[in-house]
Amino acid sequence: MKKAFLAAGCLGLLLAIGVPMNAAAGDAKKGKAVFDENCSMCHNATSTEVLVGPGLKGLFKRAKLASGKPVNDANVLNTINNGGDTMPPLADALKPADKDNVIAYLKTL
């Protein structure tokens, strides 16, 4: 009974702070490989210098994306899926696991 109560309390806390229940952790090492193959020609991972798109170093430490939206998993995933300004949409080009892995990698920058 105590374990069920504790689990329910933890679940409630996660929901209250906005952690999506379907969020996958991703694998940053695999994400680097996906990034290198699909994103590095337009985005710099080691600085904030613009190539074609913005440099992504420190992305998850920033308050906002180039679009003005807050930096969080959902908004980064939305940008990957739907593109933006000069970025093409990659919704069909990357598998869901690849997207999770890229987001995990971006968090390490």
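Which whole-Hz ³J(HN,Hα) couplings does segment 79-93 yield from phi under the Karplus relation 6.51 cos²θ - 1.76 cosθ + 1.60, θ = phi - 60°, glycine and proline marked x?
So the J values, rounded to whole Hz, are 5, 4, 5, 9, x, x, 4, 9, 8, x, x, 10, 3, 8, 7.
For segment 28-109, what mean projected area does the convex hull of the alpha carbons give, in nm²?
For the Cα atoms of segment 28-109, the hull's average projected area reads 4.6 nm².
Quick one: what are the phi-derived ³J(HN,Hα) couplings along segment 95-109, Karplus 6.51/-1.76/1.60 with θ = phi - 60°, whole Hz, x for glycine and proline?
6, x, 5, 4, 5, 4, 5, 5, 4, 4, 5, 4, 5, 8, 6
Please state the Cα pair-distance histogram of segment 61-109 with 5 angstrom bins from zero: what percent is in each bin?
Spelled out per bin, shortest first, that is 5, 21, 31, 27, 15, 1.
Bear in mind these aren't lab numbers, they're just calculated from the coordinates by the rules spelled out. This is a predicted model, so every value here is computed, not measured.
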